[in-house]
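Working notes for the structure below.
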Amino acid sequence: MFGEKALELIKDLKRHEESSIPPFNDDVVRHVIEESNSLYEQNQVEVNAVRDGDESFLPSIRLRHAGVERNKRCLLTYAYTRIERIRALRWEWGSVLPPDIRYSLSESEAQWFTKYNKCLAQYMRSLPGGGLDLTQDMQPPKSLYIHVRCLVDHGEFETEDGSVVNLKKNTQHYMLRSQCEHLIRQGILEHII
Amino acid sequence: MLAVVLMAWTNEKLCPELLPHQQNLVDGMLQYLKEQEESLISGDFKSAIVKMEIDRVRFIIFDLLRTRLRKIEQYPAYIIQKCQSDVDGGAVLTPEEYAFASQYLENLETHLKSEILFKLPQHIQTIDWDKAGNKPDLDKYVFMRVLEFQEGFLIEDEAEEARDEIIDLEPDSQHLIRFKNVSDLLKSEKIVLI
């Protein structure tokens, strides 16, 4: 039946939770596009027949057109939802994506991501105060200093007031929240409650 | 000034639509924060508390800007269209936000076109943003508190059964009402969302 393959795309997205992206399903997308094109071509033949006066083809023309429209809607939803998820990833991971996520994106999506980065950076730069990084301070601060544990060897780290902290694995530190936040997000430090 | 910033932040977070921008407020507050930060003496107990406060206020401002960006990204076509047809001069977007919005829309359309639309049959290669329904939900119900006395506020009945209500809004009274009815009041600062 027309439109079944398109539904597969949507189901694919639904199966993966909101924060992860399945690899771009090139095969199914191509299949759906081919199906739409062939439906359209079949329709063209019948439209010509109708123009010549034969009205009996009208219901089948409508059916095929509905199939094409549905395929288009499913494809657009698929592309748009993936873009939404990639956008969320930018805010979570920063402007460089880990390789396994980058592998799941199609070329066009990777290009979109670069352009989005540029767009966002331009906006942030234009903010007063010589540009602000809006991806910092994502959560309301509960206290000024926080306990953190180091998960991997990161070497030496210089804090704001000049003192150097040696980030070896499994060491614990008591640092200013603003210093740690970006390291916590990268996974190097772990916040101990 | 902090109270104004807090009000702007809660309103923006709770409102389904993008509110007029308050760039002067944001600029002023950021400048103030910077001055405060520079005048801190490190290691002093009082300055630790001041630093906390600076961090908190900075979070509020950043969250305000982030919420606005998020709304722009959710309905770019609707917002740009509204901005272009807005005659009364009540600026909703700052020039930078407008640039961001139009570039975001362009990127999105380029991607959708190259990925899908150009491969589909020719007669359906356009994106109809109106039909896609990419609009903020103005029928959402919101809690509000009245700041100024409003006499004779008309609530139209959607079902057209001539059940229009006229109520008086007392100051400090709280209501749960559909957003569409009060969006003008919010913009002229006669109510606040809670």
Taking only pairs six or more apart or across chains, which ones have beta-carbon atoms under 7 Å, a first residue in segment A:8-26 that is on the phi < 0 side of the Ramachandran plot, and a second residue that is basic (Lys, Arg)?
A:Glu18/A:Arg85; A:Ile21/A:Arg82; A:Ile21/A:Arg85
Enumeration of residues in segment B:11-26 that are loosely packed, with under 15 Cβ neighbours inside 10 Å and in a helix (DSSP H, G or I):
B:Lys13, B:Asn24
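Given the criterion within 29 Å of B:Phe179 (Cα to Cα), open to solvent by 40 Å² or more (accessible area, probe 1.4 Å) and of a type in the set (Gly, Ala, Ser), identify the matching residue among B:Ser39, B:Ser85. I'd like the intermediate steps shown before the answer.
On the way: B:Ser39 fails: within 29 Å of B:Phe179 (Cα to Cα).
Every option except B:Ser85 fails the conditions.
Considering segment A:49-79 alone, what residues qualify as being of a type in the set (D, E, K, R), open to solvent by 40 Å² or more (accessible area, probe 1.4 Å) and either under 15 Å from B:Leu120 (Cβ atoms) or in a helix (DSSP H, G or I) (or both)? Spell out how you get there, then give the answer.
Of the residues in segment A:49-79, the ones of a type in the set (D, E, K, R) are A:51-52, A:54-55, A:62, A:64, A:69-70, A:72-73.
Retained after the next criterion (residues that are open to solvent by 40 Å² or more (accessible area, probe 1.4 Å)): A:51-52, A:54-55, A:62, A:69-70, A:73.
Result: A:Arg51, A:Glu55, A:Arg62, A:Glu69, A:Arg70, A:Arg73.
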Looking at (1) farther than 30 Å from B:Asn107 by Cα; (2) at the interface with another protein chain (Cβ under 9 Å from one of its Cβ atoms); (3) not small (Gly, Ala, Ser), which is the only condition B:Arg66 fails?
(1)
A:Val96, sole failed condition from (1) free of Cβ contacts under 8 Å to residues at least 12 places away in the same chain; (2) assigned to a helix (DSSP H, G or I):
(2)
Might you let me know whether segment B:65-83 holds any residue that is touching a residue at least 12 places away in the same chain (Cβ under 8 Å), under 30 Å from B:Lys135 (Cα atoms) and not in a helix (DSSP H, G or I)?
yes
Of the conditions (1) surrounded by 16 or more Cβ atoms within 10 Å (Cβ to Cβ); (2) free of Cβ contacts under 8 Å to residues at least 24 places away in the same chain; (3) among the basic types (Lys, Arg), the single one that A:Arg82 does not satisfy is (2)
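Confirm whether A:Ser143 is modelled with pLDDT under 75, farther than 22 Å from B:Phe62 by Cβ and loosely packed, with under 12 Cβ neighbours inside 10 Å. Before the answer, list the steps.
Working: modelled with pLDDT under 75: yes; farther than 22 Å from B:Phe62 by Cβ: no; loosely packed, with under 12 Cβ neighbours inside 10 Å: yes.
It is false that A:Ser143 is modelled with pLDDT under 75, farther than 22 Å from B:Phe62 by Cβ and loosely packed, with under 12 Cβ neighbours inside 10 Å.
Return a yes/no flag: does segment A:118-125 have any residue that is open to solvent by 60 Å² or more (accessible area, probe 1.4 Å) and at pLDDT below 75. Don't jump to the end; show me each part of the working.
Kept after step one, since they are open to solvent by 60 Å² or more (accessible area, probe 1.4 Å), are these residues of segment A:118-125: A:118, A:122, A:125.
This time we only want the ones that are at pLDDT below 75, so: none.
For segment A:118-125, residues open to solvent by 60 Å² or more (accessible area, probe 1.4 Å) and at pLDDT below 75: absent.
Going through segment B:109-135 one residue at a time, which ones are open to solvent by less than 30 Å² (accessible area, probe 1.4 Å), touching a helix residue (DSSP H, G or I) at 6+ places or on another chain (Cβ under 7 Å) and either touching a residue at least 40 places away in the same chain (Cβ under 8 Å) or closer than 27 Å to A:Asn117 by Cα (or both)? Reasoning before the result, please.
Going residue by residue through segment B:109-135, those that are open to solvent by less than 30 Å² (accessible area, probe 1.4 Å) are B:111-112, B:115-117, B:120-121, B:124.
Checking which are touching a helix residue (DSSP H, G or I) at 6+ places or on another chain (Cβ under 7 Å) leaves us with B:111-112, B:115-116, B:120-121, B:124.
Hits for segment B:109-135 are B:His111, B:Leu112, B:Glu115, B:Ile116.
Could you grab me the full set of residues in segment A:92-101 that are more than 10 Å from the chain's Cα centre (by Cα) and surrounded by fewer than 17 Cβ atoms within 10 Å (Cβ to Cβ)?
Taking segment A:92-101 as the starting set, the residues that turn out to be more than 10 Å from the chain's Cα centre (by Cα) are A:92-100.
Of everything in segment A:92-101, those that are more than 10 Å from the chain's Cα centre (by Cα) and surrounded by fewer than 17 Cβ atoms within 10 Å (Cβ to Cβ) turn out to be A:Glu92, A:Trp93, A:Gly94, A:Ser95, A:Val96, A:Pro98, A:Pro99, A:Asp100.
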Name the one entry in B:Ile49, B:Ile54 that is in a helix (DSSP H, G or I), modelled with pLDDT under 85 and open to solvent by less than 30 Å² (accessible area, probe 1.4 Å).
B:Ile54
Got at least one residue in segment A:169-189 being part of a helix (DSSP H, G or I), surrounded by fewer than 17 Cβ atoms within 10 Å (Cβ to Cβ) and at pLDDT 80 or above?
no
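The values are calculated or read from the model by the stated rules, or taken from the named source; none is laboratory data. Since we're looking at a predicted model, the values are computed, not measured. Ideal geometry is used to build each Cβ from the backbone, glycine not excepted, and the neighbour counts take in all protein chains shown. What goes into the accessible areas is simple: the full protein's heavy atoms, side chains included, and nothing from ligands, DNA or RNA. Shrake-Rupley method; radii C 1.70, N 1.55, O 1.52, S 1.80 Å.
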